[in-house]
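Peer 1: Attaching a single structure in structure tokens format; questions to follow.
Values in this text are rule-based calculations from the coordinates and carry no lab data. Quantities reported herein were computed from a predicted structural model and do not represent experimental measurements. Virtual Cβ from ideal backbone geometry, glycine too; neighbours counted across all protein chains shown.
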Amino acid sequence: MGYKIQSGMSTVLNPFGPDWSTAPRDVSEATSVGEQVEDSLFGKKKPPLLDEDEFPDAAKVLAQLDKYRRKIVNLIGDPETDYFLQLADGTIAMIDTHGMIMVGIKFLMKFKDNMPVLVGAIAHEIGHRPKRWAEYKQQKPLNIAELQKLCRYEETRADLFAGRALAELGMSCEPMIQFLKDLEEGPHPEYFPAKMRADVIREGFREQTGKVKTRQKLWPELEKIAPKGHIGDF
Ligand SMILES: [Zn+2]
């Protein structure tokens, strides 16, 4: 949160996620932490979805990005079909409970020649791994403050994962950080400022770069095989 973008795009408080300025819906009716988080993080109103056939230029960029989507999902070790890209309007990027990653067309086209920004954004979304929240069925619901704390933690985790994924893909994390800084208008009480997010992304990137180097040194032959599950537990 704490980010707004203008120039024709609708106001987006959190570039890679939900708008937490409103309380999660149905919080009193949720029966478990999993349901609450699903509602809060992934149950927000969806942006208008666009038909790729009507936007051939965007469809090309999305197809390019989809190759990275597959690589990132393989890094976690989740089934590839658990996540898919969908062209949308009025958002930067967000994911829903079914693994649909909605990518805003303006964001997509603005950064079509700056792939690390686009890849960083979808890596963040994949890092939320929405389907895993279904496992939290048994715990009792949290109050709003606890829920917001958990959601902030979840955002940090997604940023950490984005840094790691970029390292695995051999891409710099700096373009993504620059993007976050450019969007920022000021810190928001419910979210971390861009500088703090930059630290988290860089930390994930630095850690994972070390792991990649170690693997390349010790198992150079294995490194030529498509990686699977290299960021399994993050
Ligand atoms: Zn997020």
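Peer 1: Let me know the Rg and Dmax you get for segment 34-89 when you use only its Cα atoms, in Å.
Peer 2: Expressed in Å, the Cα Rg and Dmax of segment 34-89 come to 13.8, 38.
Peer 1: Which of the chymotrypsin sites (Phe, Trp or Tyr not before Pro) found in segment 113-169 are in a DSSP loop and have at most 16 neighbouring Cβ atoms, other than their own, within 10 Å?
Peer 2: Numbers: sites: TRP133, TYR136, TYR153, PHE161; in loops: TYR136.
Passing both the DSSP loop test and the Cβ count: TYR136.
Peer 1: List the GluC sites (Glu not before Pro) within segment 113-206 that DSSP assigns to loop and that have no more than 12 neighbouring Cβ atoms inside 10 Å.
Peer 2: The qualifying sites are GLU185.
Peer 1: I would also like to ask the following. Around LEU85, which amide H atoms from residues at least 5 apart in sequence, or from another chain, sit under 5 Å from its own amide H, with H modelled in the peptide plane?
Peer 2: HN-HN under 5 Å from LEU85: ILE101.
Peer 1: For segment 43-104, run through the trypsin sites (Lys or Arg not before Pro) and keep only the ones in DSSP coil with at most 16 other Cβ atoms within 10 Å of their Cβ.
Peer 2: For trypsin sites (Lys or Arg not before Pro) across segment 43-104 that sit outside H, G, I, E and B with at most 16 neighbouring Cβ atoms in 10 Å, the list reads LYS45.
Peer 1: Also: Once you treat every alpha carbon in segment 138-183 as an equal point and sum by Debye, what is log10 I(q)/I(0) at q = 0.21, 0.23 Å⁻¹?
Peer 2: Values, matching the q order: -0.77, -0.83.
Peer 1: Quick one: putting +1 on the C-beta of Lys and Arg, -1 on the C-beta of Asp and Glu, what dipole do you get for segment 33-223 around its Cα centre, in Debye to the nearest 20?
Peer 2: So the magnitude is around 620 debye.
Peer 1: Give LYS46/LYS110; LYS71/LYS140; LYS46/LYS213; LYS67/LYS106; LYS45/LYS213 a once-over and call out the pairs whose C-alpha atoms are over 31 Å from each other.
Peer 2: Working: LYS46/LYS110 21 Å; LYS71/LYS140 36 Å; LYS46/LYS213 40 Å; LYS67/LYS106 20 Å; LYS45/LYS213 42 Å.
Exceeds cut-off: LYS71/LYS140; LYS46/LYS213; LYS45/LYS213.
Peer 1: Here's another thing I want to ask about it. If we restrict to alpha carbons, what Rg and Dmax does segment 84-187 come to, in Å?
Peer 2: Taking only Cα atoms of segment 84-187, I get Rg and Dmax of 14.9, 46 Å.
Peer 1: Here's a follow-up. If you scale each eigenvalue of the Cα gyration tensor by 5 and take the root, what three semi-axes come out for segment 33-223, rounded to whole angstrom and sorted largest first? Please report the intermediate quantities before stating the final value.
Peer 2: Working: eigenvalues 119, 98, 66 Å².
For segment 33-223, the ellipsoid semi-axes come out as 24, 22, 18 Å.
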